[in-house]
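Please read the structure below before turning to the comments.
The values are calculated or read from the model by the stated rules, or taken from the named source; none is laboratory data. Note that the structure is predicted; figures quoted are calculated from it, not measured. Ideal geometry is used to build each Cβ from the backbone, glycine not excepted, and the neighbour counts take in all protein chains shown. Just the protein is used for accessible areas: all its heavy atoms, side chains included, with ligands, DNA and RNA removed. Shrake-Rupley method; radii C 1.70, N 1.55, O 1.52, S 1.80 Å.
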Amino acid sequence: MSTGASTGSSSPPRLAVLASGTGSNLEAIIAADLPVALVLTDRSCHAMDIARRHNIPAAVIDRRRFGFRPRTSWDRAGFTKAVMSELQDRRIDLVAMAGFMTVLEGTIFATFQERILNTHPSLLPRFRGHDAVPQALSARVNVTGCTVHIATPALDSGRILAQATVPVLAGDTEASLHERIKTAERRVYPAAIRDYLTEIAPSP
Ligand code: GRF
């Protein structure tokens, strides 16, 4: 791993964004002029096109190469190792997961300790897991939101860096509520990443 961020060396920090889908958070991170040095995905997806359009180095590590099939066991450790090698080869200082749909093995969190961030579409600690938005609808809450946190081996846990609330409106569907939450994420996540980069690598 590049040590630029952790040692305070003068080289600019290098951010990797991990995504699996639409990539609207990635787009917001790029628009905020954050130092994105790599976009890594676990499948072919729109986030890849965004990276290419912005001339940002992009890598697909397709989890199917590691035997991924829904609801069966697969080589998650091998996949995580491949992701880690890519991040290390590209001298990445900070990783931002933005809709990355594969749970990584614990080893990566030890190697990149406190250097992996995540955005989650709920007000953690409520509604952990991949179905946070339907959980909020089922719980009939009036308010939900998004959380930016440091990622740890325990899913959707770790120190909270930023949160924003979003109203749940009558007639909301999963899609309408998620889009409202994503609008908040696109505002909060880039700002939280910028603040965190300053925290780990203060400018001289
Ligand atoms: C976000 O809501 C994120 O919290 C969740 O997946 C969504 C990604 O959206 N894990 P996008 O691909 O950035 O548009």
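Taking the alpha carbon gyration tensor of region 127-204, multiplying each eigenvalue by 5 and rooting it gives semi-axes of 27, 15, 8 Å, largest first. The string of couplings for region 156-172 from the Karplus curve (6.51, -1.76, 1.60, θ = phi - 60°) is 6, 10, x, 4, 7, 9, 7, 9, 9, 9, 9, x, 9, 9, 4, x, 4 Hz, one whole number per residue in order, with x for Gly and Pro. The orientation-averaged shadow of the Cα convex hull for the chain, equal to a quarter of the hull surface, comes to 11.1 nm². Seen against the Cα atoms of the chain and their longest principal axis, helix 174-200 is set at about 30 degrees. Comparing mean-square fluctuations of Leu177, Leu38, Leu26 from a GNM of the chain with C-alpha springs under 10 Å, the top value falls on Leu177. Taking the helices alone, the chain has a mean residue ellipticity at 222 nm of -11000 deg cm²/dmol, built from -39,500 (n - 2.57) per DSSP H run of at least 4 residues and averaged over all its residues. The residues neighbouring Phe100, those whose beta-carbon lies less than 14 Å from its own, together hold a net charge of -3 under the Lys/Arg +1, Asp/Glu -1 convention.
Take every pair of alpha-carbon atoms less than 8 Å apart whose residues are at least six positions apart; their mean separation over the length of the chain yields a relative contact order of 21 percent.
Look at the Cα gyration tensor of region 1-114: its axes a ≥ b ≥ c give a/c of at least 1.5 with a/b at or below b/c, and that counts as oblate.
Sorting Arg71, Arg63 by accessible area puts them as Arg71, Arg63; the probe is 1.4 Å, largest comes first, and only protein heavy atoms count. With all protein chains in place and a 1.4 Å probe, the accessible surface of the chain carries 51 percent carbon and sulfur. Helix 76-89 and the longest principal axis of the Cα set of the chain meet at an angle near 50°. Count Lys and Arg as plus one, Asp and Glu as minus one, and take only other residues whose Cβ is under 15 Å from that of Ile61; the net charge is then +1.
Summing charges over neighbours of Ala136, with a neighbour being any other residue whose Cβ is under 10 Å away from its Cβ, gives -1 when K and R count +1 and D and E count -1. GNM on the chain, alpha-carbon springs under 10 angstrom: the most fluctuating residue among Leu94, Leu169, Leu117 is Leu169.
Using a Gaussian network model of the chain in which every pair of alpha carbons under 10 angstrom is joined by a spring, one finds that among Gly106, Gly23, Gly158 the greatest mean-square fluctuation is at Gly106.
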